[in-house]
Amino acid sequence: MVVKIYGMASAVCPQRVMLCLIEKKVPFEIDLVDLSKMEHKEPHYMAKQPFGQIPYIVDGEFELFESRAIIRYYAAKYAETGSKLLGENLEERARIDQWIDIEAINFNPLVFPIVFNLFILPKQGLAGNKAEADSFAKRLSKVLNVYEKQLSKTKYLAGDCFTLADLTHIPTMRALVEGCGMGCILDDKKFVKAWWEVIRARPAVEKVLEFMESGALQYSP
């Protein structure tokens, strides 16, 4: 049965799920939930996702929301299909979980205000708060120093193979670097910059961009 993603391809959290499913070669279709029309706050949607956020997925009779939980689920369900995203043993899985949590707790909360002020508000014809964005960028740079230290030792965050630890960063990192033109934040972090270039070049990323540009709603490997 085809996985149904309720959300929109231009939003970062659905992109996280799309990337995982494409890496795993799992077909899916997008049931469009338009944020600009506040469809994610309508009662019938919030009956499925009580926090009014996107995405949530339907997989047969199973439903799940929160994008990081969803990618963990699919990486485990299709462990032997497509890219191996969970590592080979318990220790590798623990390191992957560590970096997924770091992304959620230390990275994403600093990136979002930057993207909000430098990309989302201007796209809506509104003025962003550049001073606020700059303040969060300085804090983010310090967090990325931790990444730099790790990536000086391993090619990817959780070791020498691409995993969910890396995948979960792609949507927000792309929004930061490309959407906000903040690539300069990586200029003094050669290992982070090299890591970003490698994970940005994955075919799954280009496939997600095709969805964004074309408005396509179905994926079949």
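What are the pairs with Cβ atoms under 7 angstrom where one residue, in region 171-192, is modelled with pLDDT of 95 or more and the other, located anywhere, is in a loop (DSSP other than H, G, I, E, B) and not polar (S, T, N, Q)? Sequence gap at least six, or different chains. Pairs found: Leu176/Met182. Filtered by the rule that a residue be within 16 Å of the chain's Cα centre (by Cα) and on the phi > 0 side of the Ramachandran plot, region 177-221 gives no residues.
Take Met38 and decide whether it is among the aliphatic types (A, V, I, L, M) and open to solvent by 40 Å² or more (accessible area, probe 1.4 Å). So Met38 fits the description; yes.
Note on region 53-88: among residues that are among the hydroxyl-bearing types (Ser, Thr, Tyr) and touching a residue at least 24 places away in the same chain (Cβ under 8 Å), the one that is farthest from Leu21 (Cα to Cα) is Tyr56. Among the residues of region 180-203, those identified as under 14 Å from Phe119 (Cα atoms) and either among the charged types (D, E, K, R) or buried (at least 19 other Cβ atoms within 10 Å of the Cβ) (or both) are Cys180, Met182.
Do we find a residue being among the polar types (S, T, N, Q) and surrounded by 19 or more Cβ atoms within 10 Å (Cβ to Cβ) anywhere in region 164-176? Looking through region 164-176, at least one residue is among the polar types (S, T, N, Q) and surrounded by 19 or more Cβ atoms within 10 Å (Cβ to Cβ). Just to be sure before I move on: is Ile120 open to solvent by less than 20 Å² (accessible area, probe 1.4 Å), at negative phi and either among the hydrophobic types (A, V, I, L, M, F, W, C) or in a helix (DSSP H, G or I) (or both) in the structure I sent? Considered against the rule, which asks whether it is open to solvent by less than 20 Å² (accessible area, probe 1.4 Å), at negative phi and either among the hydrophobic types (A, V, I, L, M, F, W, C) or in a helix (DSSP H, G or I) (or both), Ile120 comes out as no.
Yes or no, residue by residue, for (1) under 13 Å from the mean Cα position of the chain (by Cα); (2) at pLDDT 95 or above; (3) within 16 Å of Thr81 (Cα to Cα); (4) of a type in the set (S, T, N, Q):
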{"position": "Arg16", "(1), (2), (3), (4)": "yes, yes, no, no"}
{"position": "Lys24", "(1), (2), (3), (4)": "no, yes, yes, no"}
{"position": "Tyr45", "(1), (2), (3), (4)": "no, yes, no, no"}
{"position": "Gly52", "(1), (2), (3), (4)": "no, yes, no, no"}
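Conditions tested, residue by residue: (1) more than 19 Å from Ser220 (Cβ to Cβ); (2) of a type outside the set (A, V, I, L, M); (3) out of contact with any helix residue (DSSP H, G or I) (no Cβ under 9 Å at 6 or more places or on another chain).
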{"site": "Ala11", "(1), (2), (3)": "yes, no, no"}
{"site": "Lys25", "(1), (2), (3)": "no, yes, yes"}
{"site": "Ala47", "(1), (2), (3)": "yes, no, yes"}
{"site": "Gly82", "(1), (2), (3)": "no, yes, no"}
{"site": "Asn89", "(1), (2), (3)": "yes, yes, yes"}
{"site": "Arg93", "(1), (2), (3)": "yes, yes, yes"}
{"site": "Ile102", "(1), (2), (3)": "yes, no, no"}
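Within region 89-102, none of the residues are open to solvent by 60 Å² or more (accessible area, probe 1.4 Å), in a loop (DSSP other than H, G, I, E, B) and under 16 Å from Glu23 (Cβ atoms).
Checking the structure you have, find out if any residue of region 86-104 is modelled with pLDDT under 95, over 16 Å from Ile170 (Cβ atoms) and of a type in the set (D, E, K, R). Among the residues of region 86-104, at least one is modelled with pLDDT under 95, over 16 Å from Ile170 (Cβ atoms) and of a type in the set (D, E, K, R), which makes the answer yes. Does region 167-208 hold any residues that are in contact with an Asp or Glu (Cβ under 6 Å, 6 or more places away or on another chain), within 22 Å of Tyr219 (Cα to Cα) and part of a loop (DSSP other than H, G, I, E, B), and which are they? Passing the criteria: Thr168, His169.
Residues of region 139-156 include none that is open to solvent by 50 Å² or more (accessible area, probe 1.4 Å), of a type in the set (Phe, Trp, Tyr) and modelled with pLDDT of 95 or more.
One line per residue, one yes/no per condition, for (1) surrounded by fewer than 18 Cβ atoms within 10 Å (Cβ to Cβ); (2) farther than 28 Å from Glu206 by Cβ:
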{"site": "Glu23", "(1), (2)": "no, no"}
{"site": "Pro27", "(1), (2)": "yes, no"}
{"site": "Leu32", "(1), (2)": "yes, no"}
{"site": "Glu42", "(1), (2)": "yes, yes"}
{"site": "Lys48", "(1), (2)": "yes, yes"}
{"site": "Gly60", "(1), (2)": "yes, yes"}
{"site": "Ile70", "(1), (2)": "no, no"}
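The values are calculated or read from the model by the stated rules, or taken from the named source; none is laboratory data. From a predicted model like this one, the values you see are computed outputs, not experimental measurements. As a convention, Cβ positions derive from the backbone with ideal geometry for all residues, glycine included, and neighbour counts pool all protein chains shown. Side chains included, ligands, DNA and RNA excluded: accessible areas come from the protein's heavy atoms. Shrake-Rupley method; radii C 1.70, N 1.55, O 1.52, S 1.80 Å.
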